[in-house]
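So the structure is just underneath, and the comments pick up after that.
What follows is calculated from the coordinates using simple rules that are stated; it is not laboratory data. Everything numeric in this text was worked out from a predicted model, so none of it was measured. Positions of Cβ are generated from backbone atoms using ideal geometry, with glycine treated the same way; all protein chains shown enter the neighbour counts.
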Amino acid sequence: MLGQQRYIILADASYSITAYNLKIWESFTTEIPTQVKGGKGPFICFVLGGPGSGKGTQCAKIVKNYGLTHLSAGELLRREIASNSEYGTTILNTIKEGKIVPSEVTVSLIQKEMESSDSKKFLIDGFPRSEENRAAFERIMGAEPDIVLFFDCPEEEMVNRVLNRNEGRVDDNIDTVRKRLQVFKALNLPVINYYARRGKLYTINAVGTVDEIFEQVRAVFAALKLVTE
Ligand SMILES: Nc1ncnc2c1ncn2[C@@H]1O[C@H](COP(=O)(O)OP(=O)(O)O)[C@@H](O)[C@H]1O
Ligand SMILES: Nc1ccn([C@@H]2O[C@H](COP(=O)(O)OP(=O)(O)O)[C@@H](O)[C@H]2O)c(=O)n1
Ligand SMILES: [Mg+2]
């Protein structure tokens, strides 16, 4: 998967965050596949759902039971902020606004994790959150997901869970979660519908106890003959 590494300079004003003068994202080395992967690449499961729908909680149970490697796009971005990288401040401001970080940044972080892992089975949590995310992943990674899980949760339940999450996150407040729900409806739902049209989407009712919800995940994995570890 390493292929030829090249630097790409992105001058892109199409993202909703140009308010932060994010005109140039540079030096994100990304693999530009000369061809779509010859052989079967790793098994990829995208995990989608609004803020507080239970993605992270269910991913932890999936990892424990099925041994997939969990990559949370949000966690990778928060780690980038904590590392005081030159893009950290901009990513932090974007997250505070509940907006979507430029896709090449997020895909680059996911790509690095996948390429440095021995795993062949990935659970990519909170990604893709927009059409740009989806297209950038396919363009850069030359891969599509095998399946997409969507945790479907009523807005008020999501708001309650986020406000009670107590992880000290800058985006766990009523103002930001309202903005995030707008982003979810405007940008995330179209991606969910895209995968539904391609027959890859499995919708899970995300209301109930953690175990009740996980039983639905088990049923999906059983139907796909994905065996527990
Ligand atoms: N089924 C559930 N019922 C009640 N609370 C839940 C449930 N699943 C997760 N939570 C809690 O809701 C909050 C958000 O869950 P999380 O897994 O972080 O969601 P997401 O990653 O989709 O934002 C966490 O505090 C978590 O403990
Ligand atoms: N693909 C992604 C994932 C997250 N993010 C940013 O990171 C924030 C937190 O994502 P997260 O997945 O950790 O959030 P939760 O759904 O877990 O609450 C999002 O609100 C976005 O601002 C992004 O820009 N692009
Ligand atoms: Mg999460």
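With θ taken as phi - 60° and the Karplus curve 6.51 cos²θ - 1.76 cosθ + 1.60 applied, the whole-hertz 3J(HN,Hα) list for region 195-204 is 6, 4, 5, 8, x, 10, 8, 10, 8, 10 Hz, x standing for glycine and proline.
Quick check on region 11-228: take the gyration tensor over C-alpha atoms, sort the square-rooted eigenvalues as a ≥ b ≥ c, and tell me if it's rounded (a/c under 1.5), prolate or oblate. Verdict is oblate for region 11-228.
Can you pull out the trypsin sites (Lys or Arg not before Pro) in region 40-76 whose DSSP state is coil and whose Cβ has at most 10 other Cβ atoms within 10 Å?
Working: sites: LYS40, LYS55, LYS61, LYS64; in loops: LYS40.
The qualifying sites are LYS40.
Listed cross-link partners LYS185/LYS225; LYS64/LYS179; LYS61/LYS179; LYS55/LYS179; LYS40/LYS96; LYS40/LYS185 are compared with a 30 Å cut-off, the Cα-Cα value being larger for LYS185/LYS225; LYS64/LYS179; LYS40/LYS96; LYS40/LYS185.
Classify region 133-229 as rounded, prolate or oblate, taking a ≥ b ≥ c as the square roots of the eigenvalues of its Cα gyration tensor: rounded when a/c is under 1.5, otherwise prolate if a/b is larger than b/c and oblate if not. Judged from the Cα gyration tensor, region 133-229 comes out oblate (a/c at least 1.5, b/c at or above a/b).
Close amide H pairs (under 5 Å, H built 1.01 Å from N) link PHE151 with LEU48, GLY49, ILE204, residues at least 5 positions away or on another chain. The GluC sites (Glu not before Pro) of region 133-199 that DSSP puts in a loop, and whose beta carbon has at most 13 other beta carbons within 10 Å, are GLU167.
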